[in-house]
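Undergrad: Sharing a structure, written as structure tokens. Questions coming.
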Amino acid sequence: MTIDMWFPTVVYTTNLDLQGHPQDHRAMIDYVDRFKFKNFNNYSVTGDTVNEFQISSKPEFSWLNQEVYKHCLIYLQEFGIDTDSLNLFSSKSWPVVCNPENKTNRDDVVIQKHNHPNSHLSVVFYLQVDSQSSGGELKLHASYNHPIRYVPLRPYIKDVRYPALDSVQYQPVQGELIIFPSSVDHEVTAYTGAYSRYSITYDIIITSKESLDTDNEMCIVNPSNWTELNGQEEEKETLP
């Protein structure tokens, strides 16, 4: 007998060298500390909901930007993609803070299940995590149209032998970077620890190069080649 597990969701994990970059780590922590202070009354707060969604443009995150770029390329190369033909853009980037001191008994989930239809790749970096904490896992869910969901036997299951067919959880680890397709539904479970859990999220858009002389029908054209349609007639250049 053979059981084959086909059509997986490809998730990339790696650990960044925070100890080798203490100044960069400290600068990012200080930035998110200030963000937390402004939103301290919340148990959890995500920057994209409070107009703090472009932190990749801040100098404190320049080192992390480089790491995100490097590891996104490695992730794509695993698909056999020629990354020399691509550009990567961070369309949005924001901090996520979990304040365990503000948690109530009703807070079973930090961030409800969702996906990011406005990007191609999602990147999560754990900036600060209490190693003795519990919860705060990133939970990824199988697609709603996954074939296993159409087998009407759920009430009769006694032993879930392949739990990853439905969902999988990643325990937060300080310094870890996770990359996965933005279309994957995901959530964050409740976090308890001696201090706050800080993570940084990126929405990544993949486009062609600015002047790529190949067939670009099945890709996103570089934004430098876009034309904004604003309903206004352009002024015609008059010859002298």
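The values are calculated or read from the model by the stated rules, or taken from the named source; none is laboratory data. What you see is a predicted model, and the numbers here were worked out from it, not measured in a lab. Here Cβ is always computed from backbone atoms with ideal geometry, including for glycine, and neighbour counts include all displayed protein chains.
Undergrad: If you go through the range 181-206, how many residues are closer than 18 Å to residue 117 by Cα, of a type in the set (S, T, N, Q) and surrounded by fewer than 20 Cβ atoms within 10 Å (Cβ to Cβ)?
TA: Qualifying residue count for the region: 2.
Undergrad: Given the residues 182, 196, 167, which is the only one that is in contact (Cβ under 8 Å) with a residue 12 or more places away in the chain and under 16 Å from the mean Cα position of the chain (by Cα)?
TA: Checking each option against the conditions leaves just 182.
Undergrad: With the condition kept exactly as written, say whether any residue in the range 116-128 is in a loop (DSSP other than H, G, I, E, B), over 23 Å from residue 12 (Cβ atoms) and in contact (Cβ under 8 Å) with a residue 12 or more places away in the chain.
TA: No, because not a single residue in the range 116-128 is in a loop (DSSP other than H, G, I, E, B), over 23 Å from residue 12 (Cβ atoms) and in contact (Cβ under 8 Å) with a residue 12 or more places away in the chain.
Undergrad: Which one is surrounded by the fewest Cβ atoms within 10 Å (Cβ to Cβ), of the residues in the range 207-225 that are among the polar types (S, T, N, Q) and at pLDDT 80 or above?
TA: The residue in question is 224.
Undergrad: Among the residues that make up the range 33-48, is at least one of them touching a Ser or Thr at 6+ places or on another chain (Cβ under 8 Å), basic (Lys, Arg) and touching a residue at least 24 places away in the same chain (Cβ under 8 Å)?
TA: yes
Undergrad: Right, here's the next one. Taking the range 61-88 on its own, how many of its residues are among the polar types (S, T, N, Q), over 30 Å from residue 128 (Cβ atoms) and surrounded by 15 or more Cβ atoms within 10 Å (Cβ to Cβ)?
TA: So the answer is 2.
Undergrad: Now for a separate question. Given the criterion assigned to a helix (DSSP H, G or I) and either buried (at least 18 other Cβ atoms within 10 Å of the Cβ) or among the aliphatic types (A, V, I, L, M) (or both), identify the matching residue among 1, 5, 28.
TA: None of the other options fit; the residue is 28.
Undergrad: To continue, here is another question. Check off (1) loosely packed, with under 14 Cβ neighbours inside 10 Å; (2) over 22 Å from residue 193 (Cβ atoms) for residue 112 and give me the number that stays unchecked.
TA: (2)
Undergrad: Looking at the range 34-65, which of its residues are acidic (Asp, Glu) and more than 20 Å from residue 114 (Cα to Cα)?
TA: 60
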